[in-house]
Each structure stands twice: as C-alpha cells, then as structure tokens.
Number of protein chains: 2
Amino acid sequence: MKYKTLYGVGVGPGAPDLLTLRAIRTLRRADVVVLPRSSPYGQSVAWEIVKSIVRKAPQQEHLFLTFPMSREPARHIDAWNLAFGKLGERIERGLSIAFATEGDPSLYSTFIYLQREAPLRWPGIKVEVVPGVSSIAAVPAVTGVPLADGLERIAIIPAGYGVDDLIDIFQRFDTTILMKIGSEMSNIFAALKETGLTDKAVYVSKATASQQRIVRDLRELTPERGDCFAMIIVSRKERTGVLAGDTPPEKVLDELSNGH
Amino acid sequence: MKYKTLYGVGVGPGAPDLLTLRAIRTLRRADVVVLPRSSPYGQSVAWEIVKSIVRKAPQQEHLFLTFPMSREPARHIDAWNLAFGKLGERIERGLSIAFATEGDPSLYSTFIYLQREAPLRWPGIKVEVVPGVSSIAAVPAVTGVPLADGLERIAIIPAGYGVDDLIDIFQRFDTTILMKIGSEMSNIFAALKETGLTDKAVYVSKATASQQRIVRDLRELTPERGDCFAMIIVSRKERTGVLAGDTPPEKVLDELSNGH
C-alpha cells in the first residue's frame with residue numbers, strides 16, 4: 001500500500017466527553033491531526049474539543065488548515081489549493097492523517113470535499129469515516145425536546161434556500177432543523193411568523209460546548225446575523241402525545257405500534 | 001432531591017467503540033442499567049453494545065425490559081405498565097438509572113416515552129439525555145456516501161407514511177432517509193421505480209455492528225419484510241460535485257461559500 005488511510009474523524013458537537021472511543025484511538029494513532037479553522041487568527045473548534053486527548057507535539061503534528069467562510073470563490077480555491085498541497089506532501093511521505101471535524105463528518109462538513117477529492121489526487125488511497133455525535137443529536141439533548149418519535153417526519157434544511165419553500169416545509173414536517181442559518185435569520189423569522197410557529201421554535205448555538213446558548217423565545221433575538229454554529233429547530237409536536245397528553249392511550253399506542 | 005437523575009444514554013449504532021466517554025461514565029456510575037429488548041427470548045441490541053463496559057452484577061443491576069414490536073395496543077400497554085412498575089420501584093428507592101438506547105435517544109427511541117412520562121409519575125425527577133452516534137451518522141460512514149453537503153436538503157421519514165407522499169419527497173429532497181421500513185419494502189420499491197431512483201438507493205441494516213448488511217443494488221432484495229434496523233437512503237447527488245465531477249470549480253465554490 002503506497003498511502004496510509006486518510007481518516008475523517010467526527011469529534012462531536014463540542015463537549016470533549018462526547019468523543020467516541022474510536023475517535024480518540026484514531027486521533028492518537030495518527031502521525032498528523034488536521035484541525036480546520038475559519039481564520040488563521042481564530043480558534044479551531046475541533047482543536048478545543050481534542051486538545052486534551054491528542055499526543056503532544058512533536059510526537060504528532062497538529063496541522064491547522066484555514067477554510068474561510070466567504071462568498072468569494074477565489075478565497076476557497078486558494079484555501080483548498082493550499083490545503084491539498086500541505087496534505088499531499090504528508091500523504092506522499094506515507095504519513096497517516098486524521099482530519100478532525102466537529103459533529104459528524106458526513107453532515108455538512110469540510111471533510112466531505114476532501115473525501116471526494118482524495119481518490120482522484122492519490123489513487124488507491126483508502127478513506128475512512130469515523131462517525132460522531134452530530135449537532136442534530138446534541139440539540140435535543142440540551143433542550144429536552146426529542147427530535148422525532150412514532151411517525152413524525154424530519155426535514156433538515158441548510159438555510160438560504162428560499163422562504164416560500166420554507167413555509168411549505170414547516171407545514172408538512174413535524175420537525176424542521178434549520179442549519180447554517182447565518183444571514184437568513186430575518187427570513188426564517190418571517191416564515192415562522194406567517195405559519196404561526198414562532199412559539200414552536202428554539203434557537204441553539206454550540207450545543208454541549210462551554211459557549212452553549214439556548215434561546216427558547218425567538219422574540220428575544222434580534223434578527224442579527226446568527227453565528228455559523230447556530231441552528232433553529234421547529235417542533236410542531238401535534239401528532240405526538242404517546243403516553244402523555246389527552247390522546248386516548250389506545251390511539252396513541254396504535255400509532256406507536258405502527259411506527260415501531 | 002428525592003429522586004436521582006434518570007439518564008437516557010445513547011449507546012451508538014452497534015460498534016462498542018462508538019460509545020462516547022460520557023455514555024461509558026454514565027453507564028458505569030448507574031445503580032441500574034436498563035436494557036430494552038423486543039422479546040423476552042431475544043437479544044438486547046443495547047446489551048450487545050454495552051456488556052463489555054458496564055460493571056459486573058451484583059455491583060450493578062442489569063434490568064432487561066421487553067417492549068414488543070406489535071400492532072396490538074394491548075401488548076404495548078402491558079409492556080409499559082410492567083416497565084413503569086419496575087422502574088418506579090427502583091426510582092422510589094433512590095437508585096440511579098441509566099436507560100441504554102441504541103443510536104441516539106432523541107431520534108425514534110423507546111426512551112422518548114419514558115422521558116415524557118417520568119416527570120408526571122415522579123414529580124421533580126431530573127431527566128438527562130446523553131446524545132449518541134445515531135444510525136443516520138453510521139450509515140454514510142459505512143457506505144462512503146455523505147448525507148449532505150453545501151445546500152443539500154435531507155428528509156427523514158418513518159416508513160408507513162403513504163407512497164404518494166413518498167414520491168413527492170424523493171423529488172424534492174436531495175437525500176431521503178427511510179427509517180423503520182418494516183413491512184413497507186414493496187411500497188418503497190414502487191416509489192423508487194416510479195421516480196427512477198432505484199439506482200440512487202442503498203439498503204443498510206445494523207451499520208457498524210457485526211451483523212452489518214449493505215445492499216447497493218436494491219434489485220438483489222426481494223421485497224421481504226425488512227428487519228427493524230434496516231434503513232434505505234436515497235441520495236440524488238444532483239446538486240453536489242464540489243471539487244469533483246464536471247461542475248466548474250467557480251460554480252461549485254460559489255455554492256460552497258453560500259452554503260457555509
């Protein structure tokens with residue numbers, strides 16, 4: 001085998017004790033741990049999560065790569081060219097690489113682009129994903145509102161998708177998870193207001209991390225630019241009520257049995 | 001505090017090394033570890049995952065509770081009455097309880113009913129969820145197909161929801177995750193055929209567990225009754241192509257920058 005396996009390692013939503021055993025083992029064994037960050041001057045969220053469990057330099061290299069949040073294509077092209085150069089140099093030398101990603105690597109992560117590109121740049125390289133606790137698991141854990149049970153349906157929508165469509169989604173799904181809400185806060189607020197669902201929505205940023213923020217009444221938020229880790233979860237909870245509420249147990253348990 | 005905290009602990013999709021540190025600590029500290037199973041004669045999937053890390057009996061009780069998969073409401077009522085009796089007896093004695101759930105406790109788990117009911121039965125009890133790696137994170141890790149990137153949208157649908165609606169969902173979402181497919185296999189196959197998406201679908205059961213099964217060509221499956229851990233993932237992947245394929249890098253990176 002010419003190249004070592006390239007790992008995408010989900011490091012969980014923020015709390016270091018939500019790392020899995022497999023993630024820890026993979027990060028500790030790697031020659032190089034890659035830590036993405038959005039700015040060369042800013043913190044790497046992944047580093048905050050893994051810094052207490054990785055090996056100390058120089059036994060292991062901790063390679064910070066910058067992937068800017070920008071709408072300028074040129075900045076992304078520059079960033080990826082730089083990243084592929086640095087990664088390629090190490091891959092060609094036969095070093096093992098673990099790319100740390102917040103949450104889970106298969107859900108809107110920077111690693112996905114590398115996962116797709118790696119076999120083209122380094123033919124025969126094995127790419128392996130270590131799944132992690134995603135933010136969509138962390139949010140209900142900290143709010144106490146389950147994502148879905150029984151026959152409830154979920155939509156996961158990266159914001160910036162068009163508000164007309166959002167209204168339709170809100171009406172047709174029991175739970176809507178709005179990711180990467182960034183500059184779309186005011187559009188989301190408008191769609192919630194129009195559907196009468198403002199009271200069914202909760203805003204969560206950095207669930208389980210030390211900077212966790214939960215806002216249960218969206219009226220307390222100005223439609224500021226949401227931080228890039230913020231999510232809004234809309235839970236209609238109109239068809240639940242299993243073992244609770246005023247739905248007759250027979251009906252509820254019938255739904256339950258159909259759903260399970 | 002009269003009662004100890006009641007924990008719902010996500011034990012991950014199947015591989016024991018996908019347990020988190022928090023799950024392990026919570027399971028080890030509990031007086032009682034609850035292990036759901038679908039039949040008193042069958043295996044508990046949760047037990048298979050945690051048996052190597054929990055304390056040995058009698059230092060810790062391992063309480064198996066049976067929640068049958070049945071369409072008969074009476075069987076569920078009986079099962080829950082029995083479960084609440086056994087749990088209540090231990091909660092009233094001040095024992096700490098960790099209820100182990102496969103995957104993540106907030107996504108279609110048996111624990112959700114207990115989470116809702118507990119504060120009504122034992123006023124003041126604190127209920128805490130330990131999020132876990134869900135099957136929807138495990139499946140893309142084992143198939144190598146990411147769930148979503150950029151502006152892709154995801155629908156999570158418990159099957160048994162109506163085939164007409166399914167066709168619409170397939171057409172409107174980039175990724176559709178069909179959970180709990182049970183007896184709905186032939187309806188799902190029909191909807192896939194009608195939308196021409198059979199080749200974009202993959203069948204996965206027990207991702208990461210030793211009994212993992214992946215079927216990439218659904219024609220190899222008879223529309224048998226799928227096992228209750230099976231999922232079908234439909235990935236259109238028509239709007240991806242970031243850094244790969246024949247989409248011009250500028251267009252792709254523009255999407256990327258809008259999406260991140």
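Between A:Arg25 and A:Asp199, the simple spin-label model (points 7 angstrom out along Cα→Cβ) gives 5.0 nm. For B:Leu65, nonlocal amide neighbours, meaning residues 5 or more places apart or on other chains whose placed amide H falls under 5 Å from its own, are B:Leu35, B:Arg37. The equivalent ellipsoid of the stretch A:6-133 has semi-axes of 20, 18, 14 Å, largest first, where each one is the square root of 5 times an eigenvalue of the Cα gyration tensor. Each of A:Ala209, B:Ser235, A:Ser70 was scored by the projection of its Cα onto the charge dipole of the protein assembly as shown, and the greatest displacement toward the positive side belongs to A:Ala209; charges sit on the C-beta of Lys, Arg, Asp and Glu. Dipole magnitude for the stretch B:147-237: about 220 debye, using +1 per Lys or Arg Cβ and -1 per Asp or Glu Cβ, origin at the Cα centre. Just checking the listed ones, B:Pro58, B:Pro13, B:Pro119: in the Gaussian network model of chain B with Cα springs under 10 Å, the one fluctuating most is B:Pro58. Considering only beta bridges that DSSP places wholly inside the protein assembly as shown, some 40 percent are antiparallel. Taking every alpha-carbon pair in chain B and binning the separations at 10 Å intervals from zero gives 7, 26, 29, 22, 12, 4, 0 percent. Highest mobility in the GNM of chain B, judged by mean-square fluctuation with C-alpha springs under 10 Å and restricted to B:Gly14, B:Gly144, B:Gly94, is found for B:Gly144.
Taken over the Cα atoms of the protein assembly as shown, the convex hull encloses 157 Å³ per residue.
Counting beta carbons within 10 Å around each of A:Thr66, A:Thr5, A:Thr175, B:Thr176 and listing the fewest first gives the order A:Thr5, A:Thr66, A:Thr175, B:Thr176. Counting other Cβ atoms within 10 Å as a rough exposure proxy, the listed residues B:Trp80, B:Trp122 run B:Trp122, B:Trp80 from fewest neighbours to most. Over the residues of chain A, the helix contribution to mean residue ellipticity at 222 nm works out to -10000 deg cm²/dmol, using -39500 (n - 2.57) for each DSSP H run of at least 4. About its Cα centre, the dipole of chain A is roughly 1320 debye, where the only charges are +1 on Lys and Arg Cβ and -1 on Asp and Glu Cβ. For the stretch A:136-235, DSSP calls about 70 percent of its internal beta bridges antiparallel. The trypsin sites (Lys or Arg not before Pro) of the stretch A:40-94 that DSSP puts in a loop, and whose beta carbon has at most 15 other beta carbons within 10 Å, are A:Lys51, A:Arg55, A:Lys56, A:Arg71, A:Arg93. Here, the stretch B:168-234 yields an orientationally averaged convex hull projection of 4.2 nm² when only Cα atoms define the hull. In chain B, the DSSP beta bridges split such that about 35 percent are antiparallel, to the nearest 5.
Counting only lysines at least 8 places from B:Lys2 when in the same chain, those with an alpha carbon closer than 21 Å to its own are B:Lys86, B:Lys126.
Read-outs: derived from the displayed coordinates by stated rules, not from any lab. All of these numbers come straight from a predicted model, not from anything done at the bench. With ideal geometry, Cβ positions are generated from the backbone for all residues, glycine too; neighbour counts draw on all protein chains shown.
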